Every structure is written in C-alpha cells, then in structure tokens.
Amino acid sequence: MTKTSNAMWGGRFAAGPDAIMEAINASIGFDKRLAAQDIAGSRAHAAMLAATGIISPSDAEAIREGLLTVLSEIEGGDFPFSTALEDIHMNVEARLKEIIGEPAGRLHTARSRNDQVAVDFRLWVRDQCDAADSALAALMEALLGQAEAGADWVMPGFTHLQVAQPVTWGHHMLAYVEMFARDRARFADARKRMNLSPLGAAALAGTSFPIDREMTAEALGFDGPMSNSLDAVADRDFALEFMAASSICAMHLSRLAEELVIWSSAQFRFVKMSDRWSTGSSIMPQKRNPDAAELIRAKIGRIFGANVALMTVMKGLPLTYSKDMQEDKEQVFDAADNLMLALAAMSGMVADMEAQVDNLRVAAATGFSTATDLADWLVRTLGLPFRDAHHVTGSLVAMAEGKGCDLPELSLADMQSVHADITDAVFEVLGVDNSVASRTSYGGTAPSQVRLQIARWKEVLG
C-alpha cells in the first residue's frame with residue numbers, strides 16, 4: 001500500500017500514514033469552512049508575536065501579506081486543498097510557505113493546532129450565533145406583521161387539538177414571537193459565555209514564550225483570554241450550547257410548521273400557503289402540498305441528532321485534547337446549515353401566508369368554545385361557586401349537543417330549565433367577539449391586549 005509522508009509532523013515519524021489512515025485522519029473535507037477564521041487567528045497571532053519581539057516585524061509583515069493571498073485564493077476557489085495535509089491549518093501553512101518561504105515556519109511559534117482549532121471553531125460558532133439572531137429577528141418581524149393585520153380576527157384556541165376557547169389570530173402569532181424571542185436570548189447568552197479566547201493555551205499547558213494573550217483576544221473580538229490552558233484546549237461547551245439553543249429553536253420551528261400543515265389542510269382551511277412555498281401532486285391535480293413546512297419539520301430531526309451526537313462524542317473524553325474532537329465540526333456545521341435554512345423558509349412562509357378569516361371565525365364558534373364564558377358569567381352575575389357553575393355549564397353543553405346546536409342557539413327557556421336564575425343577558429357573553437374582547441388580563445387574547453403587545457415588540461425590534 002502506498003505510503004505518504006507529512007513533513008509537518010517533523011522528524012519523529014519515518015513514514016506517513018497509509019491511505020486508510022489518511023482518510024480517517026483527514027478533516028480538510030469539512031474544516032475548510034474554517035478558513036476565514038483560521039487566517040484571522042493566524043494574523044492576530046503573527047501581529048502579537050511581532051509586538052512581543054518573538055518574531056521580527058519583517059517576518060510578521062510577510063506572514064500578514066501571505067495570509068491575505070491565501071485567503072484570496074480560497075475565496076476565489078483557486079486553492080488546492082490537500083487531504084495529505086490533513087486539515088485547514090496545515091493546508092494554509094503549507095501554502096503560506098510556498099508563497100513567502102522561511103518566515104512561514106515562524107508563524108506556529110508559541111501555539112499548537114490544539115489552541116488553533118479551538119479558536120477557529122469558537123470564532124465560527126460565534127458568527128453562527130450572530131447569524132441565528134438576525135434570522136430570528138426577521139422571522140419575528142414576519143410574525144408581528146401577521147399579528148398586526150389580524151389583531152381582532154377571531155379563531156379557535158386549542159388544547160389537545162380540540163376547540164377550547166376563542167382567541168385572536170394576532171394573539172396566536174404573538175405566542176411564536178415570544179418563543180423565538182427566547183431563542184434569541186439563548187443564542188445571545190451562549191455567545192456572551194463563549195466570547196473568551198483559547199489562543200495562547202498552546203498544546204495544553206501554555207507556553208514559555210512571552211506572549212500577550214490579551215492582545216490576540218482583543219484583535220479577534222473576544223472579551224479576554226480563557227483563564228485555564230487545559231480548559232481552553234478541552235472545552236467544546238460553546239458548540240454544545242449553540243447546539244442546545246439550536247435544538248430548542250428547531251423545536252419551536254417544528255411546532256409552527258406542524259400548525260401550518262394542519263391549518264392549510266382541506267379539513268381546516270385556516271390559511272392559504274403561497275405558491276412559493278407549496279407544490280402540486282404528480283397525479284392529483286387538486287393537491288396543494290405544504291412541502292416547505294413539512295421539510296422544516298423533518299430537518300429539525302437532523303438538528304436534534306447532531307446535538308445528541310456531539311454530546312456523545314464529548315461525554316467520555318479525559319482532558320485535554322483527543323482526536324475524537326475532530327468529530328465536533330461536521331455535526332455543528334450540518335445543524336447550523338439546516339437551522340438557517342429552516343429559519344429563512346419559515347420567515348418566507350409566514351410573510352406570504354393568507355389567513356382565511358371567515359373560516360377562522362366559523363371554526364371559533366364551534367365546539368362549544370364559549371362554555372367557559374358561560375361558566376364565568378354564572379359566577380360573576382349569579383354568584384355561583386365556580387364548581388357549581390361548571391356543572392350547570394356542562395349540563396347546558398350536553399343539552400346543546402343533544403339538540404345538535406351550539407350554546408348561543410339554545411333558547412332562554414332551555415337554559416332556565418337547567419338553572420332558573422339565568423337571564424337573557426347571558427347571550428351577551430356567548431358570542432366569540434364578546435368572548436375575546438373580555439380577556440383583557442395582561443397577556444390575554446383581547447384585541448386591546450394584542451395591540452399593546454404589538455407596540456411593545458415593535459419597540460423591541462426597532
């Protein structure tokens with residue numbers, strides 16, 4: 001079997017790995033996505049080495065210019081990535097040596113691939129937190145637009161997917177605004193905690209060179225250096241926190257996608273999905289399939305799976321670095337890609353969907369949805385204990401069900417046959433508009449409360 005040598009390993013190894021070892025060891029196929037972060041870290045490191053007198057200013061300048069050339073080649077698609085060089089770090093350094101010669105060999109002074117990959121990956125995940133924040137803000141804006149349009153559109157609220165009480169379309173949309181706002185907060189919180197630099201931890205114990213870790217941390221936008229070199233090399237909490245936040249966000253996306261699938265069905269007809277986010281059937285011409293929502297719902301499984309996979313990779317590792325940790329990136333890359341795709345697709349679907357207002361109103365009045373309003377009226381007006389009012393209302397619901405009608409369609413005589421003190425004033429609370437208008441407690445579904453929350457979120461989102 002053909003052998004290849006890797007000069008970057010130095011004189012310790014007489015021969016390189018065979019083809020199978022090269023294939024299992026190489027990560028360049030996926031970690032080339034870290035190229036911009038790797039070069040940013042190297043530029044900061046070279047500048048620090050010059051500032052502390054560890055390398056000469058001329059070498060630092062040659063390294064800086066050479067790294068910019070390498071970055072330009074990578075961004076232009078002209079860079080010859082090599083699996084024999086294993087990873088993005090070695091690929092960049094080897095090409096740098098071809099461009100500038102001997103000074104390239106001084107770049108790796110006072111650092112290791114262990115702290116190099118830690119800083120690269122941390123920078124990449126930090127960028128993904130920012131991207132997720134922007135995408136979530138866009139989705140919240142789309143939901144807020146729907147809420148504002150339908151602040152007083154009446155629709156059924158559900159528990160157990162059974163009609164429970166009337167609510168407003170705006171109120172339902174705002175529920176998801178609240179969910180995705182918590183997701184933004186989780187990404188922001190994770191970003192803040194991950195914003196410390198591992199660069200300078202070297203292999204695991206720090207370095208004897210007089211480096212300035214504060215300088216490199218500041219140059220890379222970190223709040224400061226990590227305080228323990230062992231932890232700096234071993235830590236992947238930042239990736240796990242990103243994955244955890246992504247998984248919760250993905251769960252919210254899947255819940256909304258599920259509702260859109262249900263609502264767009266012929267049985268519900270609550271929303272009409274735009275042609276941009278629907279497909280037809282190859283055999284059934286009447287079909288309008290909510291494929292984008294279904295694909296979002298499915299892609300969430302990949303994010304959940306990636307989260308579990310990374311937790312499993314990390315769970316048994318002793319300090320500090322183990323080659324197992326090479327398996328951290330593909331999971332995070334895939335989850336981040338699918339999260340961003342799902343967020344973008346959901347934003348488009350929400351912005352384009354059309355609520356079928358008449359159908360929403362008809363559905364809101366079915367299933368005895370104002371039964372709780374009737375019970376509350378019995379408590380407020382007749383002074384019944386709530387448990388007694390609940391029993392009276394249950395009897396009236398059974399009566400209406402037997403007659404094949406809804407509560408507002410019962411006659412006063414029907415109602416008085418169950419409780420003699422009921423008056424015709426009860427009909428004022430049985431309409432769905434009256435029902436939602438009465439829910440004025442803070443955070444309630446009343447249009448007045450919905451508009452209050454819309455104004456608050458407009459201010460938050462700017």
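Assess whether residue 56 counts as being among the hydroxyl-bearing types (Ser, Thr, Tyr) and open to solvent by less than 30 Å² (accessible area, probe 1.4 Å).
Working: among the hydroxyl-bearing types (Ser, Thr, Tyr): yes; open to solvent by less than 30 Å² (accessible area, probe 1.4 Å): no.
So residue 56 does not fit the description; no.
Listed here are the residues, each with its yes/no results for (1) touching a His at 6+ places or on another chain (Cβ under 6 Å); (2) surrounded by 16 or more Cβ atoms within 10 Å (Cβ to Cβ); (3) over 15 Å from residue 115 (Cβ atoms); (4) not hydrophobic (A, V, I, L, M, F, W, C).
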position	(1), (2), (3), (4)
149	no, no, yes, no
161	no, no, yes, no
166	no, yes, yes, yes
230	no, no, no, no
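Restricted to segment 98-116, and to residues there that are closer than 21 Å to residue 25 by Cβ and without any contact (Cβ under 8 Å) to a residue 40 or more places away in the chain, the residue that is surrounded by the most Cβ atoms within 10 Å (Cβ to Cβ) is 113. For segment 414-462, a tally of residues being open to solvent by 70 Å² or more (accessible area, probe 1.4 Å) and either outside any helix (DSSP H, G or I) or more than 26 Å from residue 156 (Cα to Cα) (or both) returns 10. Annotation: of all residues in segment 400-413 being in contact with a Ser or Thr (Cβ under 8 Å, 6 or more places away or on another chain) and assigned to a helix (DSSP H, G or I), the one that is surrounded by the most Cβ atoms within 10 Å (Cβ to Cβ) is 407. Of a type in the set (Val, Ile, Thr), assigned to a loop (DSSP other than H, G, I, E, B) and either modelled with pLDDT of 95 or more or more than 30 Å from residue 353 (Cβ to Cβ) (or both) - does that describe any residue in segment 295-307? No, that holds for no residue.
Take residue 89 and decide whether it is assigned to a helix (DSSP H, G or I) and at pLDDT below 95. When the stated conditions are applied, residue 89 passes them.
Would segment 222-230 turn up any residue that is among the aliphatic types (A, V, I, L, M), closer than 27 Å to residue 131 by Cα and at pLDDT 95 or above? Yes. Answer yes or no as to whether residue 60 is over 30 Å from residue 25 (Cβ atoms) and either modelled with pLDDT under 95 or in the same structural domain as residue 330 (by the TED database) (or both). Spelling it out, it is not the case that residue 60 is over 30 Å from residue 25 (Cβ atoms) and either modelled with pLDDT under 95 or in the same structural domain as residue 330 (by the TED database) (or both). Of everything in segment 121-147 that is open to solvent by 20 Å² or more (accessible area, probe 1.4 Å) and among the charged types (D, E, K, R), the residue that is farthest from the chain's Cα centre (by Cα) is 141. Take the conditions among the β-branched types (Val, Ile, Thr), touching a residue at least 24 places away in the same chain (Cβ under 8 Å), surrounded by 22 or more Cβ atoms within 10 Å (Cβ to Cβ) and closer than 29 Å to residue 328 by Cα and apply them to residue 207. Does it pass? No, not satisfied. Scanning segment 362-387 for residues that are part of a helix (DSSP H, G or I), crowded, with 17+ Cβ neighbours inside 10 Å and of a type outside the set (Gly, Ala, Ser) yields a count of 6.
The values are calculated or read from the model by the stated rules, or taken from the named source; none is laboratory data. Only a predicted model underlies this, so the values are computations on that prediction, with no experimental measurement involved. Because the Cβ atoms are built from the backbone with ideal geometry, glycine has one as well, and the counts that use them run over all protein chains shown. For accessibility, only protein heavy atoms count, side chains too; no ligands or nucleic acids. Shrake-Rupley method; radii C 1.70, N 1.55, O 1.52, S 1.80 Å.
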